[in-house]
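First up is the structure itself, then whatever we jot down about it.
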Amino acid sequence: MSTIPVIFNEKKVPHTIVGGTVRKTDEDSSPFSVILLNRGGRYYRSAVFANLEAAGCTSVISVELSNEPYDIENLSVRFPSVKFLVPLEKVTVGEMINTAMAEASSPLVLVVWNDVKVTPSSVPQRLVSRVRDEGTLCVAPVLSSERLETLPVQMVPALSKSSFQVEPMPCYRDGSPTVYPFDFMGIYNREKFVRLGGFDHRIRNPYWQNLDFGFRAHLWGERVILMTSFRLAYESEVPREDVTVDASYMAFFLKNLLAVYRKDEAVLPIARFFPYAAKSGTNPFEAWSRFSAARKWVRVNRYRFNRDAVSLVREWEPCVQ
């Protein structure tokens, strides 16, 4: 396993950029950039960009799938303000966002999928102003299915001696905390995203990659919250999260659940190796190598922690319905 990344975008994804050289309005008129993630479904591509333009999004980075033969050249002529980012290798969702975030210039960045409709009412100006003024790391939307059923997108962590789990809950109170933004979508503070290190490229399972980002944010004193005035709806089937306990889970487990916060710093005690080794599914030598790498990572970042997993779960603010 490669070394745990310490700085933002440590792994550079090879990619090409097409378009994005012309803006239809002054850059200052758009308070945020948009990172548009593509699942590869057969959506009317021109309609997606037209909707974003109608919503006032004049700075768009569309992250393509490297194995999808989209007619990017024609689209770039029709939508000259859209920058098409094409990875040259297979990448995770987090790597897509990291790479696009490095290209973005606005202080706020909206991350959204191409099967989610963005309208002028989806991201009201008052919301954007509030997000900018409060400086929250990530503001996640309240989401609806294509049948307009409200989804349980407040993710609440629970920890016991034997297991860790996240419970999805409906939430009606503005500003309620969520341990991660469902489906990676939200308005991100770019500066804080970069300082946090972005998404861990080594974690391949999207669920654990997203949870690693959100959990680390909370452990390091940042906030991921829901705002009820920020509403988006899927235009297709809601994606299922793969919560399989796999190698990605073990990477999350090492970085987020084993460290202990003492006084003003975090440590990963050697005694924690034994419960990790029992769960790791690898031989003792490989388990020790990964555990040692995690200890070094925790030590490098020890003063960035302001709590550990146990205190985070214990102090978690419940959603008031």
Practice task
Consider S121 carefully, then state whether it is surrounded by fewer than 20 Cβ atoms within 10 Å (Cβ to Cβ) and over 26 Å from N51 (Cβ atoms).
Solution key: no
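This table checks each residue for (1) in contact (Cβ under 8 Å) with a residue 60 or more places away in the chain; (2) touching a Gly at 6+ places or on another chain (Cβ under 9 Å).
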position: W220; (1), (2): yes, no
position: L226; (1), (2): yes, yes
position: D242; (1), (2): no, no
position: K255; (1), (2): yes, no
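How many residues are out of contact with any helix residue (DSSP H, G or I) (no Cβ under 9 Å at 6 or more places or on another chain) and in contact (Cβ under 8 Å) with a residue 40 or more places away in the chain if we restrict to the stretch 130-144?
5
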Handout entry: First in the stretch 28-43 and on the phi < 0 side of the Ramachandran plot and among the β-branched types (V, I, T), second anywhere and in a loop (DSSP other than H, G, I, E, B) and at pLDDT 60 or above, Cβ under 8 Å, 6 or more apart
Key = V34/C57; V34/S59; V34/V118; I35/A104
Problem - Only one of N210, N283, N205 that is closer than 22 Å to Q154 by Cα and without any contact (Cβ under 8 Å) to a residue 60 or more places away in the chain - result: N205
Completion exercise
Filtering the stretch 164-186 for residues that are of a type outside the set (D, E, K, R), under 19 Å from L257 (Cα atoms) and open to solvent by 60 Å² or more (accessible area, probe 1.4 Å) leaves a count of 1
Handout entry: Failed item, numbered, when L226 is tested on (1) open to solvent by less than 20 Å² (accessible area, probe 1.4 Å); (2) in contact with a helix residue (DSSP H, G or I) (Cβ under 6 Å, 6 or more places away or on another chain); (3) modelled with pLDDT of 95 or more
Key = (2)
Practice task
Only residues that are surrounded by fewer than 18 Cβ atoms within 10 Å (Cβ to Cβ) and among the basic types (K, R): list them for the stretch 273-294, please.
Solution key: K279
Completion exercise
Per the filter on the stretch 205-240, residues of a type in the set (S, T, Y) and part of a helix (DSSP H, G or I) are Y207
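The values are calculated or read from the model by the stated rules, or taken from the named source; none is laboratory data. It should be emphasised that the depicted structure is a prediction, and the values quoted were computed from it without experimental measurement. Note: ideal-geometry Cβ built from the backbone for every residue, glycine included; neighbour counts use all protein chains shown. Side chains are part of the model used for accessible areas, which takes the heavy atoms of the whole protein and leaves out ligands, DNA and RNA. Shrake-Rupley method; radii C 1.70, N 1.55, O 1.52, S 1.80 Å.
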